[in-house]
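The values are calculated or read from the model by the stated rules, or taken from the named source; none is laboratory data. All figures in this text were calculated on a predicted structure; none of them were measured in a lab. So basically every Cβ, Gly included, is an ideal-geometry build from the backbone, and we count neighbours across all protein chains shown. The accessibility values were calculated without ligands, DNA or RNA, using every heavy atom of the protein model including side chains. Shrake-Rupley method; radii C 1.70, N 1.55, O 1.52, S 1.80 Å.
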Amino acid sequence: PRRPLAITISFPHTVEDAAMRCAAIRLALNVSAVPVTRDDSRTPRTATRDPRGCFRNRRARVSCRAGASSGAPPAADQDGPEPDGTDTGAAPSSSGKALQSVNVAGVSLFAGMAFTKSKALALPHIEVPDIAWVDWAALKRAGFKACVFDKDNTLTVPYASVIEPRVVASLNECLAVFGHENVAVLSNSAGLAQFDPTGAIADAMEKTLGISFLRHSSKKPAGSCTALTERFKCASNEMVMIGDRYMTDVVYGNRHGMFTVRCAPFSDEGESFSIKTAKAIERAAVALWRKPEGSAHQERCPGTKPHTRIPDGKNAKHFVKSPGVW
């Protein structure tokens with residue numbers, strides 16, 4: 001006989017935690033499912049019952065484990081080639097774009113922040129309408145040595161291969177100030193082994209956008225900063241992370257001690273329902289966690305969030321070209 005599914009619900013102590021628990025559940029439900037097209041030409045699957053009464057597939061078994069509290073995925077869950085060893089290098093299909101929406105480590109970290117004191121990880125040092133507001137020269141004078149960009153909705157509209165016109169001049173200024181060798185894109189699509197195993201998409205983007213793409217195996221906000229420190233030959237707290245997503249770009253940068261810049265997205269056109277839902281939950285969470293200037297929790301206040309490389313007598317807004325943004 002089938003056993004009934006038991007669900008235990010515990011009630012958080014605060015309204016904020018209750019809201020975040022509901023948000024984490026919604027986020028997990030919306031981003032953890034990937035559409036699968038049935039292929040009848042494949043070898044039929046057979047299943048056997050193990051001693052515990054569970055069915056197991058003889059051909060393959062897929063597991064999905066949440067990341068550790070640090071955000072680093074277990075070694076066994078690292079991205080790699082398909083099980084059959086083939087690697088076509090073809091452009092991602094619609095199912096590939098769906099796979100891009102799946103971010104188990106992001107959901108895990110989100111849930112962890114919702115119920116712990118690490119909410120400050122989701123709050124950037126500064127928020128700007130777009131990167132044209134960032135004072136790259138001031139960042140360089142403060143001792144920052146490298147800049148790491150997200151691609152979609154930071155440099156381009158989603159899935160586009162051309163720099164958004166309004167930020168072309170600012171990107172060129174950044175490249176001139178820091179040098180091409182000290183600026184790169186860390187994307188959750190192009191250059192990610194799971195999505196772009198041969199690096200063909202990253203190669204094409206480098207040619208069209210004129211900026212380097214890092215090859216890596218873990219989605220933000222998971223993973224270490226080793227690839228970046230080896231590339232730029234500097235410590236992670238000497239880097240600037242720029243992106244539009246609180247729970248990926250900002251959290252990743254803050255986890256590694258970077259100065260984090262969150263820019264408003266250009267557009268949500270072409271984005272999946274899962275991504276739109278996740279972003280709405282992110283905004284709601286950050287609105288709850290944000291603190292006003294002058295509060296005792298300045299680490300949760302964009303504009304005055306502390307960083308070791310902010311000059312004495314200044315705050316994070318020192319790196320914004322016009323204080324009118326606030």
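Here's the yes/no breakdown for (1) touching a helix residue (DSSP H, G or I) at 6+ places or on another chain (Cβ under 8 Å); (2) open to solvent by less than 10 Å² (accessible area, probe 1.4 Å); (3) free of Cβ contacts under 8 Å to residues at least 24 places away in the same chain:
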residue	(1), (2), (3)
242	yes, yes, no
248	yes, no, no
251	yes, yes, no
258	yes, yes, no
264	no, no, no
272	yes, no, no
276	no, no, yes
281	yes, no, no
290	yes, no, no
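Among what's in the range 252-278 and is at pLDDT 95 or above and of a type in the set (A, V, I, L, M), pick the residue that is farthest from residue 143 (Cα to Cα).
264
Which one of the conditions (1) modelled with pLDDT of 95 or more; (2) not in a loop (DSSP other than H, G, I, E, B); (3) not aliphatic (A, V, I, L, M) does residue 208 fail to meet, given that it meets all the rest?
Failing condition for residue 208: (1).
Only residues that are within 16 Å of the chain's Cα centre (by Cα) and assigned to a loop (DSSP other than H, G, I, E, B): list them for the range 223-240, please.
Selection gives 223, 224, 225.
Which residue, of 134, 157, is under 18 Å from the mean Cα position of the chain (by Cα) and touching a residue at least 24 places away in the same chain (Cβ under 8 Å)?
157
How many of the residues making up the range 212-222 are in a loop (DSSP other than H, G, I, E, B) and open to solvent by 10 Å² or more (accessible area, probe 1.4 Å)?
5
Restricting to the range 295-320, count the residues that are open to solvent by 60 Å² or more (accessible area, probe 1.4 Å) and among the hydrophobic types (A, V, I, L, M, F, W, C).
Number satisfying all stated conditions: 1.
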